[in-house]
Amino acid sequence: MHPFPKVLIGASALMLLAACSDAPITQVTAADVDARVSGQQDASARDAVLRWNALSVTLAPTLSPNGPLAPFVEARLYTIANVAMHDALNGVRGRYGRYADAGVADRTASAAAAAVAAGHDAIIGATPLPAHAEANAAYAADIAALRAAGNDASVDDGIAIGQRAAAAVLARRVGDGTDQGVGPYTPGTTPGDYRFTFPFNTPGFDFFGTGGFADASRWGTVVKTFVVRDGRQFRAPRPYGAATNAGAVTTARYTRDFNEVKALGCAGCAARSPEQTEIATFWVENSPTAWNRIARTLVTVRRLDAWETARTLALVQLAEFDAYTTSLESKYFYNFWRPVTAIELADTDGNAATTAAAGWQVLVFPIPPVPDYPSAHATAGGAAAAVLSLVLGHSNAFSATSTSLPGATRHFPGVGVAARENADSRIFVGYHFRHATDVGLAQGGVVGAYVALNALRPLRR
């Protein structure tokens, strides 16, 4: 086990990453020019990648019979779909290393058909539901349009490559442990220990006879990561630097964090500004949804070609999935309590500077049923921002929207600022202490940098 460098704690890992390189690491060299397909085919393939990337987000809420997907499950779907499309394009013309597919490249195949087939088969194969009418209809329409515009043999060859790529990715994820990520959890009893939060502490959620439900309690230890070694590789340091959770809640920094979230994170907190309320609600949506949309916006603004687009989107999702697994491993290694529990039990925590507040509740209910530290939301955002900084550069201004605050648009000078705001939002919504968001942001930055520098690397000619 190798905790990530403490120098990254309390400072933005993204600033460190940005200092390493202002230029994209995926710039196309002169040697790549002759390896590109025609502009028309490239544009068609790029459109296919963007369309199926967006379609995976649209379909995600419909793929579970039990309601919305958990963010780490959603991240798995997006990762498989985007990696399959990346591998499919590089199965037509190899420019970047592939994750799973090792078949011979075929330059005569339709790159667009390869992307469509890979995206479709990956989405279908990554979920247990037997039928996906919307995905099937989109696939049929896309392939029909490609046949009408081009060579049937080329389209057929592209379909075969896409199917091969999706099958290879799915094969590598068979038995990846995601179906074993939830298990019995027994909460602690000393100050600072995680307790089940409402409504997950009611009989309706007591699935294992332990008094309540904690989600993904085994995810960080049983789930196979995509790029990092395992969930322990970048484990966070101990909360507040204390040897125990009981010791952590008596530190001066914890006291500051406690009073901050108590004042700013509740449903009726008068101290929270209107902008902080907007930030809180804007970033409530699942991180894979938000950062997938941001990545799609940036690759479109930068006018990346199909191969660069597919690689960037795949790296973002690889990093987010591994970031979630890393965060969950740390969460259940330390089992630190949520602010709502801390505020309820403050009079018994051994810290004279904290006081309880009866009926204190978060701005957006309910609280995700996992421990506080570190913030997985901040970790996922930090990972995505690190990838985008390294691949595209850190100074790309963009605007973003959100499904959790329809009609609002927020503007950012770069992904690092967005990732910081995403992390801060978890304080304003009442879900996390600031220390959890700071460490989560830094942890995600390290995971994202590792993924960007070690996965889907450019092929040397």
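Annotations
- The chain - mean residue ellipticity at 222 nm from DSSP helices (-39,500 (n - 2.57) per run, n ≥ 4, rounded to 500): -17000 deg cm²/dmol
- The phi torsions of region 268-276, fed into the Karplus equation with coefficients 6.51, -1.76 and 1.60 and a -60° offset, translate into couplings of x, 5, 6, 6, 6, 6, x, 5, 5 Hz, rounded to whole numbers, with Gly and Pro shown as x.
- Solvent accessible area, Å² - GLU260, 1.4 Å probe, full protein context: 50 Å²
- Accessible surface of region 234-308, 1.4 Å probe, proportion on carbon and sulfur as whole %: 55 percent
- Amide H to amide H, with H built 1.01 Å from N, PHE398 comes under 5 Å of PHE412, GLY414, counting only residues 5 or more places away or on other chains.
- Coupling constants for region 179-190 follow from the phi torsions by the Karplus curve (6.51 cos²θ - 1.76 cosθ + 1.60, θ = phi - 60°), and in residue order they are 7, 10, x, 10, x, x, 9, 10, x, x, 10, 9 Hz; glycine and proline get x.
- Remark: region 141-239 carries 45 Å² of accessible area per residue (probe radius 1.4 Å; ligands, DNA and RNA excluded).
- Prolate/oblate/rounded label for the chain (Cα gyration tensor, a/c 1.5): prolate
- Near PHE336, the amide H atoms lying under 5 Å from its own belong to TYR194, ASP372, TYR373; only residues 5 or more places off or on other chains count, and H is placed 1.01 Å from N.
- The shape of region 221-338 can be summarised by an equivalent ellipsoid whose semi-axes, obtained from the alpha carbon gyration tensor, come to 32, 24, 10 Å from longest to shortest.
- Accessible area per residue for region 316-461 is 29 Å², calculated with a 1.4 Å probe on protein heavy atoms, without ligands, DNA or RNA.
- Unit Cα scatterers, Debye sum, region 265-332: log10 I(q)/I(0) for q = 0.14, 0.25, 0.28 Å⁻¹: -0.63, -1.02, -1.11
- Taking amide H atoms as placed 1.01 Å from N in the peptide plane, the amide H of TYR96 lies under 5 Å from those of LEU459, each 5 or more residues away in sequence or on another chain.
- Cubic angstrom per residue, convex hull over Cα atoms of region 300-437: 128 Å³
The values are calculated or read from the model by the stated rules, or taken from the named source; none is laboratory data. Quantities reported herein were computed from a predicted structural model and do not represent experimental measurements. To get the accessible areas, we keep the full protein, side chains included, count just its heavy atoms, and leave off ligands, DNA and RNA. Shrake-Rupley method; radii C 1.70, N 1.55, O 1.52, S 1.80 Å.
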